[in-house]
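Everything below concerns the one structure shown next.
The values are calculated or read from the model by the stated rules, or taken from the named source; none is laboratory data. Quick caveat: nothing in here was measured; it's all calculated off a predicted structure. Every residue, glycine as well, gets a Cβ built from its backbone with ideal geometry; the counts of neighbours run over all protein chains shown. SASA here: full protein model, heavy atoms, side chains in, ligands and nucleic acids out. Shrake-Rupley method; radii C 1.70, N 1.55, O 1.52, S 1.80 Å.
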Amino acid sequence: MASPPKSKGEIIQSIVDLASRTDKFTIVKSEDTDLVVEKKIVDAAIDKASGAEKVAKTYRAYILFDESSHEAKYNEELTESSDNVNFESSSRSNDTAGMGTMSFGRSKKFFRGRMFAHKETRKTWSSKGDTMPSKVIDYSFDVKSIRNPIENLVNESGWRLVQVLSRSEASYKKKGWFHF
């Protein structure tokens, strides 16, 4: 006979312990959901001979435990931003000495919902002047490396992890006129 499902508090503590034991992600308790899982994938600045670039990427998951159905509602989020500045000098002739172009850009990407799979790897080297290139970005990320251990722990506790599309499905219901 199967043992009864663990309590919500026991599962939360097990996930907190998993985070501290594996050091793959951090856990934060929140007012509008039970747990927020966070993994900073990359946060790096690249100095280039022709400019600079800053790259940041973070994975988050929001977990709400429903004690009546023994389901852990799981909503995922991936945010990415990059900023860059480039300078290119023109040295075709003496007439254009000191002339060149400057460009800058900003990019932001945001995803929220259910990720069936997401895996990526990036390695970037940079060098300034005559120095040897050095690695400034080196990461490999697979969403399953975070979700699967949490899902296994939830399942072993007699609960079921359910991926949900909207953040509101993994949040406590708000009171009042406005429901976001």
Check off (1) within 24 Å of Lys54 (Cβ to Cβ); (2) at pLDDT 95 or above for Ile137 and give me the number that stays unchecked. (2)
Considering segment 6-38 alone, what residues qualify as being open to solvent by 60 Å² or more (accessible area, probe 1.4 Å), under 20 Å from Ala170 (Cα atoms) and out of contact with any Asp or Glu (no Cβ under 7 Å at 6 or more places or on another chain)? Lys6, Glu10, Gln13, Lys29, Glu31
Residues being more than 19 Å from Tyr62 (Cβ to Cβ) and of a type in the set (D, E, K, R) - total across segment 128-172: 6
I need the full set of residues from segment 6-37 which are at pLDDT 95 or above, farther than 15 Å from Pro149 by Cβ and acidic (Asp, Glu), in order please. Glu10, Asp34
Restricting the search to segment 107-147, which residues are surrounded by fewer than 11 Cβ atoms within 10 Å (Cβ to Cβ), on the phi < 0 side of the Ramachandran plot and outside any strand (DSSP E or B)? Phe116, Ala117, Asp130, Thr131, Met132, Pro133
